[in-house]
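First comes the structure, then the notes that go with it.
The values are calculated or read from the model by the stated rules, or taken from the named source; none is laboratory data. None of these values were measured; they are calculated from a predicted model. Cβ sites come from the backbone with ideal geometry, for glycine too, and all protein chains shown count toward neighbours.
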Amino acid sequence: MSNEPSEERWSTFTEGFVVPIAGLLALLFATMAGMSVLPALSGSPSDLATPVIFAAVALLSFRVRQRAIAAREDG
């Protein structure tokens, strides 16, 4: 038995969990962006950064999900 991590074990772990977790994170941050728009519009101009950041993180999470799906299909 070796103490070094096996490549098979790591690929099995990430294969099943990255796509649903990234999808849930994208949904969560998109919801948070939508909920923070009205308070940001009625507040100071610096408050507009919050929904923009949430939207950017939602898009980033969605992109990670799409890349994981493409990597799964490639092999």
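Considering only residues that are among the small types (G, A, S) and modelled with pLDDT of 90 or more, which ones fall in region 34-72? Talk me through it step by step, then tell me what you get.
Filtering region 34-72 down to residues among the small types (G, A, S) leaves 34, 36, 40, 42-44, 46, 49, 55-56, 58, 61, 68, 70-71.
Passing the criteria: G34, S36, A40, S42, A49, A55, A56, A58, S61.
Taking F29 as meeting all but one of (1) surrounded by 11 or more Cβ atoms within 10 Å (Cβ to Cβ); (2) at pLDDT below 95, write down the number of the exception.
Condition (2) is where F29 drops out.
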